[in-house]
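S.K.: Here it is, the structure, as structure tokens.
Bear in mind these aren't lab numbers, they're just calculated from the coordinates by the rules spelled out. Note that the structure is a prediction, hence the values are computed from the model and not measured. All Cβ positions, glycine included, derive from the backbone under ideal geometry; neighbour counts span all protein chains shown.
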Amino acid sequence: MIEGAKWRRWVFFYIPLSAFVFTLLFPFYWMMVTAVRPDAELYRPWSAPNYAPFWTAHPTLDHITYLLQETLFSTWMLNTLFISIAATLISLFCGLLAGYALSRLKFRFAGMLGTAIFITYLVPQTLLFIPLADVVRNFHLGDTPWALILTYPTFLIPFCTWLLMGYFKAIPRELEECARIDGAARWQAMLYIIFPIAVPGILSAGIFAFTLSWNEFIYALVFLSSPAQKTVPVGVTSELIRGDVFYWGSLMAGALLGSIPVAFVYSFFVEHYVAGLTGAVKG
Amino acid sequence: MTRISRRELLKLSGGGALAARAGGMASIVAMKQAPAYAQSTTLHWLRWNDFVPASDALLLKEIVPECEKALGIKLTIEMINANDIQARTTSAIQSGSGPDVICALNNWAQLYPESVADVSDVAEEIGKAQEGYYEESKVVANDGKKWLAVPWCVVGAQLAYRKSWFEEIGYPAGKFPQNWELYRAAGKLLKAKGRPMGQTVGHTFGDAPTYAYPFLWSFGGKEVLADGKTVVLNSKETIESVKFMAGFWKDGYDEGGLAWDDSSNNRAFLSGTCSCTLNGASIYLEAKRKPEAYATENGTPLWQDILHAPLPTGAAGQFGYHLPMSNMLMGYSRNQKAAKEFLRWITSKDVYQKWFDTQQGYTVGATTIWEKDKLWDKDPVMLPYRTAARAGRFPGYEGPADRHAAEVLSKYIIIDMFAKAVQGMPAEDAVKWAHEEVARVHA
Amino acid sequence: MAVSDVTTSDTYAVSVRRWPITRLLEDERWLAFVLLLPTLVLLGLFIAYPFVKGVELSVTDAKVGVPGSFVGMQNFALLLNDSIFRVAVWNTVVYTAVTTVFKLALGLWLALLLNRNFKGKAFTRAFILLPFIIPTVLSTFAWKWMFDPTFSVINWTLFRLGLIGTRINWLGDPSLALISVIIVNIWRGVPFYAISLLAGLQTINPELQDAAAIDGARPWQRFWYVTWPLLLPVTMVVVLFSVIQTFADFQLVYVLTGGGPANATHLFATYAYQIGVGTGLLSQGAAISLAMFPVLLVVVIVQLLYIRRVETL
């Protein structure tokens, strides 16, 4: 896809891409350095002559050890993982079916229902969490992972549904009609023709649903109370911020350990975008 | 003392909650040794994660088993970030379920008078036994008729300053500028040497209000009259204080402080870029805890160069606003009797003593008896904190420390009044703006 | 995954005849009903009640623990005279508009770059997502430190490059504070846009591009006439959701500035939280939250209409 002289490649591709990668990832590099920086260096003002923001001469593993041994970090990771995967699967399942129905089937109230699902997304969580606590209590879900697994879909489903509607719309109707002419039932055309083509869309919806659950803070804060049930964002902030003293190194280590593994997993999925595409459209 | 890791402690407290939920099995097991109460009584106590980790360790490791032994109550202590406690309290009250006892900061108990149990009997009893409460502890937990919470402690706020730097500008050991004029002059000298004073006037729950309110009071400014209705903020005194602050800011303060949060001045002070700042004892105690990490420019341990002093005196006197904490017994709790028994026990002198000792003076007791404790003999640098709470007032002065006071506080109106002036708004306009906002709150 | 694997007509015909349910599902209305059922059940159980409750709160004088009585639109009337509220509205609008424009432009650019073939593609695509993956609370703490007047690595770099002589007070200066918050939001949002749009680009058949290229279309013409129209539905949805999320953003500002200095960075959600939770005036908090509803609704309706128009073209 890249054409023309070499300099054009540099100007239009390599340089902008590097700039993006640098800007987006610089804070992570900086967090990484902070996570291994000894406390004595941590409190050095930027105007000091020996201020070295980009490296440290005496890297230490103390903060990471503290995080792993003195807090329940690994438990929080497992909790978060379980909750996020379950919430994502539920939301994807619902969103996939609903998105298909709303974008490709003709029935009365289709537009209205779509808008109604959408409207639920408009209400801010900062308002919702208070009455939602009522619901969670009535279903006896308090302090269990299910409190989150079942409430996260309330903001994930509208998102997944609408995102997938967008992807479904980009798929030409002819594909489905061909299969129907071949004798396929509606649901078969949906399952075997449309869904495979939409795999990149499904994956990206999944990635976002997962990420939003992974990050969620308010519901996790309000609906869970035992330390062993907490998720990473809540656990880390309630253990490593004490009054006006922040455990910077461990805080940053927690942020990194809590996100880099996810990025690795994503790198496999993202590769699948392309596989899904070439298989479906060209094959 | 055998070392037990926080991780294990957390598991311990997590296990408690688990047992509480399991109900049946746990209560059968508990039945064997629990004498006093219905055997399955469990209590959930929500509090902030303490600045002093040793205090949290003590609560989880010693207090929890002792509580079970003494009262037959299985105690689950949950510690979260102070900023998040109100979100939890609100949803707990609205859904009618949650922690039995919540440790409130400031005057939060006054925000939920309909939702907390009357704990007058416990509070009166403790107060009588321990020579009475500080005024500030009382006004935040008592609505004039009854006690809404049992006062727990007061986090003292004092100026932490660099001994040697103040010596250089003519304040030898132990001396400190006593009034605002002198203090401002000192700030000017220090800032000229690249050692500004540091203070936040940002939206923080600790350092900004504990500075701005006493500053206003010491000039004679106040929000409302004692009737709690007549707003009198727009006064000659207030305008004078705002003008003084705006000038002082340029003269003596680190101008980055507008955006500081509660931890910024700790970092600035520990890094040696700040000569003096209002704070809890956390700067000094942290420096003392890690002497090798924090050093002065001469390479000596920083903690040896730190002293404390109260805020200077103004025309109207010398004041302080120290963060009070109190334990609310929630009205929805099904364990009212046990919870009261627990509050009585945990606040009683012998039990509280253990916790108090681990605090090293970071907090003082809510009752005056703790001024006499031998803890204060240990470290003379901490002495200014001992009696700090005596000069304490709570926002909303001269009116009651009620919901209106809390609204003014949580909207940061007084702080923003100073912040606006520091940013260049004429003092009269800033005060007028703040007066109107406060009046709207009281309308 | 190849389509050809499953499009054998025999299997289809058999199953259609065998199952009565399948015949029912041939009816678009029934199929739609079945497909929508799980969503409706979940949303009905978990969101309907809180939603109604939230609206109800805003027309009462409820406080925490006090149900309150009906007061009509009084809470909203109060807001009209609230100077902090007006500041928050303005901030929110600026915040949303500026970040959305930047996120869309930069995100689209990045998506187009990532859509090409280069070494380490999968890796780059995944790691570009890191700003979005990392819990907001934690990344915001990192930014807070990068903006800290005493420790700012940004100031240090600019100083070393000779671009500034004194430090920049990122979070202390009122207009810079809003800009700082905006920068962090863009940083967080660009990956989201880029990856969604990338997925959109991937569903576009490359043969269309090739055909246009053969017809002699220049690269930007190919983008404008071939790629962009096909990308539009996805783009609109992404923008729609991002606008809503940005409009209701809470965490970032709450952690970075708490709405300060002097309310310069207060948004709808942070102000609503401060009033509703911080002060216990639930009804007013709800009213502030709901006050963003009409604004959002207008944005949403405009976008929805636009999406429909695009579809019917």
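S.K.: Short version: ³J(HN,Hα) in whole Hz for each residue of the stretch A:175-187, in order, from phi by Karplus 6.51 cos²θ - 1.76 cosθ + 1.60 (θ = phi - 60°), x for Gly and Pro, what are they?
M.R.: Per residue, the Karplus-derived 3J(HN,Hα) values read 4, 5, 5, 4, 5, 5, 5, 6, x, 6, 6, 3, 5 Hz.
S.K.: Principal axis extents for the stretch B:145-233, Cα atoms only, whole Å, descending order, please.
M.R.: That gives 52, 32, 25 Å along the principal axes, largest extent first.
S.K.: Okay, next question. Which of the GluC sites (Glu not before Pro) found in the stretch A:1-85 are loop residues per DSSP with 11 or fewer other Cβ atoms within 10 Å of their Cβ? Present the calculation step by step, with values, prior to reporting the outcome.
M.R.: Working: sites: A:Glu3, A:Glu41, A:Glu70; in loops: A:Glu3.
Those that pass, being in a loop and sparsely packed, are A:Glu3.
S.K.: So, one more: Below 8 Å, C-alpha to C-alpha, sequence gap of six or more: please give me the relative contact order for the stretch B:40-82 in percent. Walk me through the intermediate numbers first.
M.R.: On the way: 52 pairs, mean separation 26.4, N = 43.
The normalised contact order for the stretch B:40-82 reaches 61 percent.
S.K.: Right, here's the next one. Based only on the alpha carbon positions, what is the Kirkwood hydrodynamic radius of the protein assembly as shown, in angstrom? Provide the component values of the computation, followed by the final result.
M.R.: On the way: mean 1/r = 0.0328 Å⁻¹.
Evaluated on the protein assembly as shown, it is 30.5 Å.
S.K.: Let me know the mean shielding of C:47-59 by other chains, meaning the per-residue number of their Cβ atoms within 10 Å of its Cβ. The partial results should precede the final answer.
M.R.: On the way: counts 15, 3, 5, 14, 9, 1, 8, 7, 2, 1, 4, 1, 0.
That average works out to 5.
S.K.: Which value in nm describes the separation of the simple spin-label points at A:Ile119 and A:Gln69, placed 7 Å from the Cα toward the beta carbon?
M.R.: 5.7
S.K.: So, one more: So how many Å³ per residue does the convex hull of the Cα atoms of the stretch A:128-247 work out to? Spell out each step's value before the answer.
M.R.: Working: hull volume 17.3 nm³, N = 120.
Per-residue hull volume (Cα only) is 144 Å³.
S.K.: For the stretch B:360-443, just list the percent of Cα-Cα distances falling in each 10 Å bin from zero outward, please.
M.R.: Bin by bin from 0 Å, the calculated values are 16, 30, 23, 23, 9.
S.K.: To the nearest 20 debye, what is the magnitude of the charge dipole of chain A about its Cα centre, counting +1 on the Cβ of each Lys and Arg and -1 on the Cβ of each Asp and Glu? Don't skip to the answer; put the middle values down first.
M.R.: On the way: 16 positive and 15 negative charges, 191 e Å.
Charge dipole, chain A, about its Cα centre: 920 debye, nearest 20.
S.K.: Step by step: find N for the stretch C:228-313, compute 2.2 N^0.38 Å, then divide the Cα radius of gyration by it. What's the final number? Before the final figure, lay out each step's value.
M.R.: Numbers: Rg = 16.4 Å, N = 86, 2.2 N^0.38 = 12.0 Å.
Ratio of Rg to 2.2 N^0.38 Å for the stretch C:228-313: 1.37.
S.K.: Taking amide H positions as placed in the peptide plane 1.01 Å from N, state which residues far from B:Val224 in sequence (5 or more) or on other chains have amide H under 5 Å from it.
M.R.: For B:Val224, whose amide H was placed from the backbone, the distant partners under 5 Å are B:Val232, B:Glu398, B:Gly399.
S.K.: At 0.36 nm per residue, minus the direct Cα-Cα distance, what do B:Asp429 and B:Ala54 gain on full extension? Give it in nm, one decimal, please.
M.R.: Numbers: separation 375, 0.36 × 375 = 135.00 nm, distance 4.74 nm.
Computed gain between B:Asp429 and B:Ala54 is 130.3 nm.
S.K.: Something else: Would you mind telling me the antiparallel percentage of the DSSP bridges in the protein assembly as shown, rounded to 5? Each step should come with its number before you reach the end.
M.R.: Details: 31 of 44 bridges.
Around 70 percent antiparallel, to the nearest 5.
S.K.: Using only helices, what value at 222 nm comes out for chain A when you add -39,500 (n - 2.57) per DSSP H run of length 4 or more and divide by the total residues, to the nearest 500 deg cm²/dmol? Numbers along the way, then the final one.
M.R.: Numbers: 14 runs with 188 residues, N = 283.
Per the formula, -21000 deg cm²/dmol.
S.K.: Before rounding to the nearest 500, sum -39500 (n - 2.57) across all DSSP H runs of length at least 4 in chain B and divide by the residue total; then give [θ] at 222 nm in deg cm²/dmol.
M.R.: Numbers: 21 runs with 199 residues, N = 443.
It lands at -13000 deg cm²/dmol.
S.K.: What does the charge dipole of the protein assembly as shown about its Cα centre add up to, to the nearest 20 debye, if the Cβ of each Lys and Arg holds +1 and the Cβ of each Asp and Glu holds -1? The partial results should precede the final answer.
M.R.: Working: 85 positive and 80 negative charges, 317 e Å.
Dipole size: approximately 1520 debye.
S.K.: Equivalent-ellipsoid semi-axes (√(5λ), Cα gyration tensor) for chain C, whole Å, largest first?
M.R.: Details: eigenvalues 338, 221, 60 Å².
Taking √(5λ) for each eigenvalue gives 41, 33, 17 Å, largest first.
S.K.: OK, next. For the stretch B:233-363, what Kirkwood radius comes out of the mean inverse Cα-Cα distance, in Å? Could the numbers behind the result be given before it?
M.R.: Values: mean 1/r = 0.0531 Å⁻¹.
Final number for the Kirkwood radius of the stretch B:233-363 is 18.8 Å.
S.K.: Continuing with the same structure: Report, in whole Å, the centroid distance computed from the Cα atoms of the stretch A:177-211 and the stretch A:64-107.
M.R.: Using only Cα atoms to place each centre, the spacing works out to 21 Å.
S.K.: Turning to a different aspect of this structure: Cross-link list B:Lys69/B:Lys145; B:Lys229/C:Lys63; B:Lys175/B:Lys222; B:Lys138/B:Lys288; B:Lys128/B:Lys337; B:Lys222/C:Lys63: which exceed 23 angstrom alpha carbon to alpha carbon? Kindly include the intermediate steps, with their values, before the conclusion.
M.R.: Values: B:Lys69/B:Lys145 35 Å; B:Lys229/C:Lys63 20 Å; B:Lys175/B:Lys222 30 Å; B:Lys138/B:Lys288 33 Å; B:Lys128/B:Lys337 21 Å; B:Lys222/C:Lys63 26 Å.
Violating the 23 Å limit, Cα to Cα: B:Lys69/B:Lys145; B:Lys175/B:Lys222; B:Lys138/B:Lys288; B:Lys222/C:Lys63.
S.K.: Of B:Trp345, A:Val234, C:Ala32, which is farthest along the charge dipole of the protein assembly as shown in the positive direction, counting Lys and Arg as +1 and Asp and Glu as -1 at C-beta?
M.R.: Selected residue: C:Ala32.
S.K.: So what are the ³J(HN,Hα) numbers for the stretch C:275-289, from phi and the Karplus equation (6.51, -1.76, 1.60; θ = phi - 60°), rounded to whole Hz, Gly and Pro as x?
M.R.: Listing the rounded values in order: 6, x, 8, x, 10, x, 8, 3, 5, 5, x, 5, 4, 5, 4 Hz.
S.K.: Still on this structure: Could you pull the Cα extents of chain B along its three principal axes, largest to smallest, in whole Å?
M.R.: Answer, in whole Å and largest first: 70, 56, 35 Å.
S.K.: For q = 0.19 Å⁻¹, what log10 I(q)/I(0) does the stretch C:192-252 give under the Debye formula with an equal point scatterer on each alpha carbon and no solvent?
M.R.: Calculated log10 I(q)/I(0) at the listed q: -0.72.
S.K.: Here is a follow-up. According to a simple spin-label model (label point 7 Å from Cα along Cα-to-Cβ), what is the distance in nm between C:Asn81 and C:Val41?
M.R.: The answer from the label model is 5.1 nm.
S.K.: Among DSSP bridges having both ends in chain B, what percentage is antiparallel? Round to the nearest 5. Don't jump to the answer; show the numbers that get you there.
M.R.: Details: 27 of 40 bridges.
Within chain B, antiparallel bridges account for around 70 percent of the total.
S.K.: Could you tell me the calculated FRET efficiency between C:Thr166 and A:Phe22, based on Cβ-Cβ distance and R0 = 22 angstrom, to the nearest 0.05? Present the calculation step by step, with values, prior to reporting the outcome.
M.R.: Values: r = 26 Å, r/R0 = 1.18.
The value I calculate is 0.25.
S.K.: Along its three principal axes, how long is the stretch B:41-104 when you only count alpha carbons? Whole Å, largest extent first please.
M.R.: Sorted largest first, the three principal extents are 33, 29, 12 Å.
S.K.: Follow-up question, since we're still on this one. Short version: what are the Cα gyration tensor semi-axes of the stretch A:118-197, square root of 5 times each eigenvalue, largest first, in whole Å? Spell out each step's value before the answer.
M.R.: Values: eigenvalues 293, 45, 14 Å².
Equivalent ellipsoid semi-axes, largest first: 38, 15, 8 Å.
S.K.: Ok, one more. Which whole-number percentage describes the relative contact order of chain B, with Cα contacts under 8 Å and a sequence gap of 6 or more? Write down the numbers at each step before the final one.
M.R.: Details: 815 pairs, mean separation 105.8, N = 443.
24 percent.
S.K.: Next question, about the same structure. Under 5 Å between amide H atoms, partner at least 5 residues away or on a different chain: which partners does C:Ile164 have, H built in plane at 1.01 Å?
M.R.: It is C:Phe159, by chain and number.
S.K.: State, as an integer percentage, the relative contact order of the stretch B:338-434 based on alpha-carbon contacts under 8 Å between residues 6 or more apart. Please list the in-between numbers first.
M.R.: Working: 46 pairs, mean separation 12.8, N = 97.
Normalised by residue count, the contact order of the stretch B:338-434 is 13 percent.
S.K.: Can you list residues from other chains, or at least 5 along the same chain, whose modelled amide H is less than 5 Å from the amide H of B:Val116?
M.R.: Amide H neighbours of B:Val116: B:Gly331.
S.K.: Explain nothing, just the number: dipole magnitude of the stretch B:212-277 about its Cα centre with +1 on each Lys and Arg Cβ and -1 on each Asp and Glu Cβ, in debye rounded to the nearest 20. Walk me through the numbers before you get to the answer.
M.R.: Working: 6 positive and 9 negative charges, 28 e Å.
Using Cβ point charges on Lys, Arg, Asp and Glu, the stretch B:212-277 gives about 140 debye.
S.K.: Calculate one ³J(HN,Hα) per residue across the stretch B:330-340 by plugging θ = phi - 60° into the Karplus curve 6.51 cos²θ - 1.76 cosθ + 1.60, and present them in order as whole Hz with x for glycine and proline.
M.R.: Whole-Hz 3J(HN,Hα) from phi for the stretch B:330-340: 6, x, 7, 4, 8, 10, 3, 5, 4, 5, 5.
S.K.: Taking the stretch C:29-155 as the region of interest, what is the percent of Cα-Cα pairs per 5 angstrom bin, listed from the shortest bin to the one with the maximum distance?
M.R.: Computed distribution, short to long bins: 2, 7, 7, 8, 11, 12, 14, 15, 11, 7, 4, 2, 0.
S.K.: Could you bin all the Cα-Cα distances of the stretch A:1-85 into 5 Å bins starting at 0 and give me the percent of pairs in each, rounded to whole numbers?
M.R.: Histogramming the stretch A:1-85 at 5 Å steps yields 3, 11, 12, 12, 12, 13, 11, 9, 8, 5, 2, 0 percent.
S.K.: Can you find, among C:Gly285, C:Ile133, C:Trp156, the residue sitting farthest towards the positive end of the charge dipole of chain C, where Lys and Arg contribute +1 and Asp and Glu -1 at Cβ?
M.R.: Result: C:Trp156, furthest along the dipole toward the positive end.
S.K.: Using the 2.2 N^0.38 Å rule of thumb for compact globular proteins, work out how the stretch B:72-120 stacks up: its C-alpha Rg over that value, please. Please report the intermediate quantities before stating the final value.
M.R.: On the way: Rg = 11.4 Å, N = 49, 2.2 N^0.38 = 9.7 Å.
Here the answer is 1.18, to two decimals.
S.K.: Quick check: convex hull of the Cα atoms in the stretch B:197-300, volume per residue, rounded to a whole Å³? Numbers along the way, then the final one.
M.R.: On the way: hull volume 11.8 nm³, N = 104.
Taking only Cα atoms, the stretch B:197-300 has a hull volume of 114 Å³ per residue.
S.K.: Can you give the alpha-carbon Rg of chain A over 2.2 N^0.38 Å, where N counts its residues? Provide the component values of the computation, followed by the final result.
M.R.: On the way: Rg = 23.5 Å, N = 283, 2.2 N^0.38 = 18.8 Å.
Compared with the compact-globule rule of thumb, chain A sits at 1.25.
S.K.: Please give the calculated 222 nm ellipticity per residue for chain C, where each DSSP H segment of at least 4 residues contributes -39500 (n - 2.57) and the sum is spread over every residue; nearest 500 deg cm²/dmol?
M.R.: On the way: 18 runs with 227 residues, N = 313.
Helices in chain C give a 222 nm mean residue ellipticity of -23000 deg cm²/dmol.
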